[in-house]
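> Following this message is one structure expressed as structure tokens.
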Amino acid sequence: MSTDVQPPSGAAEADDLEAEVAATAAPEVIADSLGDYVRIWLTRVRAGESGVLPVVLGLAARLYGFSVLETLGAATLNGAWVLGLEHDRGSIEVGKRADLLLLDRPDDGTGERPEVPRSELRQLLLDSLPDGIVHWGRKVSGAQAVGEDRHELRFTDGTTVVTSFLAGADGAWSRIRPLLSGATPRYTGFTSVEYFLHDADTQHQATAEAVGAGSLFALAPGRGFLAHREAGGTLHAYVQLKVPSDWFARLDLADAAAVSARFFRWEQA
């Protein structure tokens with residue numbers, strides 16, 4: 001390799017990264033500097049192995065303060081440059097080798113799995129029912145079996161009704177589920193915030209281009225963005241974070257700027 005060739009932006013010289021470490025994914029390997037780990041990894045890559053890569057990247061992030069983008073670059077484009085392979089691998093670009101396939105097929109409405117917004121499906125089902133079947137303004141507070149496969153429903157307005165057929169479709173905090181199971185909802189560690197971007201192709205062009213014609217999943221440990229297209233140029237999206245259950249209690253939801261900062265500065269999450 002000629003001396004006038006420069007590494008991609010953000011590349012670091014392994015010999016300048018000194019650290020006293022003595023652990024790796026391979027117990028038989030002992031090294032006293034990050035540079036040694038890099039050289040071990042390169043040797044193993046050339047031999048068809050790459051199991052030590054997560055250790056090297058973890059050390060770079062923890063001990064040397066590499067950002068997410070710098071760590072990603074070290075594992076991809078910079079690594080390819082070190083091996084002299086940057087011309088056809090190391091990044092997702094037209095003409096380079098990759099083990100992925102991107103399909104973006106236009107939808108002409110004749111597909112086998114059509115999507116419909118929940119609100120439109122709900123209205124479609126309601127319109128198919130005779131008048132008077134649906135009773136609005138009623139909220140179930142509890143239910144109990146009364147024998148002969150019948151159940152009594154109690155409503156928050158004090159009224160009751162006995163039914164011969166009961167279907168519970170009332171969400172996570174169902175009043176019907178206790179009739180079948182003692183299981184109760186519990187927080188699993190992830191909080192999701194749902195939002196809609198209307199007229200996305202005009203008002204939110206960059207986001208619309210990222211989502212494309214279908215769905216977008218941008219996931220990382222403990223966090224993620226999910227979005228998909230809906231009718232009328234609307235994007236239906238979610239932000240997910242792995243946070244304590246009382247995380248929202250520490251947010252002033254009326255302060256849009258503070259909420260945005262809390263969500264989008266990932267290093268603080």
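> HN-Hα J couplings of the stretch 71-81 from phi, Karplus 6.51/-1.76/1.60, θ = phi - 60°, integer Hz, Gly and Pro as x?
Running phi through 6.51 cos²θ - 1.76 cosθ + 1.60 with θ = phi - 60° gives 5, 4, x, 5, 7, 10, 5, 5, x, 5, 5 Hz.
> I want the local charge near Tyr187. Using Cβ-Cβ distances under 15 Å, sum +1 for each Lys or Arg and -1 for each Asp or Glu among the other residues.
Numbers: positive: Arg186, Lys242; negative: Asp246.
It works out to a net charge of +1.
> So who's got an amide H within less than 5 Å of the one on Phe66, skipping anything under 5 residues away but keeping other chains? H placed 1.01 Å off N, in plane.
The answer is Ala61.
> Another question, if that's okay. Would you kindly derive the ³J(HN,Hα) couplings of the stretch 132-148 from the backbone phi angles with the Karplus curve 6.51 cos²θ - 1.76 cosθ + 1.60 (θ = phi - 60°), listing them in order in whole Hz, with x for Gly and Pro?
x, 6, 8, 9, 8, x, 10, 10, 6, 9, x, 8, 8, 6, 10, x, 6
> List the residues, sorted by chain then number, that are 5 or more residues from Gly142 or on another chain and whose placed amide H is less than 5 Å from its amide H.
Excluding prolines and chain starts, which carry no amide H, the hits are Arg154.
> Read phi for every residue in the stretch 171-181 and hand back ³J(HN,Hα) as whole Hz from Karplus 6.51 cos²θ - 1.76 cosθ + 1.60, θ = phi - 60°, with x for Gly and Pro.
Going residue by residue, I get x, 4, 9, 4, 7, 9, 3, x, 5, 10, 8 Hz, with x marking Gly and Pro.
Read the figures in this text as sums done on the coordinates, not as results from a lab. From a predicted model like this one, the values you see are computed outputs, not experimental measurements. Ideal geometry is used to build each Cβ from the backbone, glycine not excepted, and the neighbour counts take in all protein chains shown.
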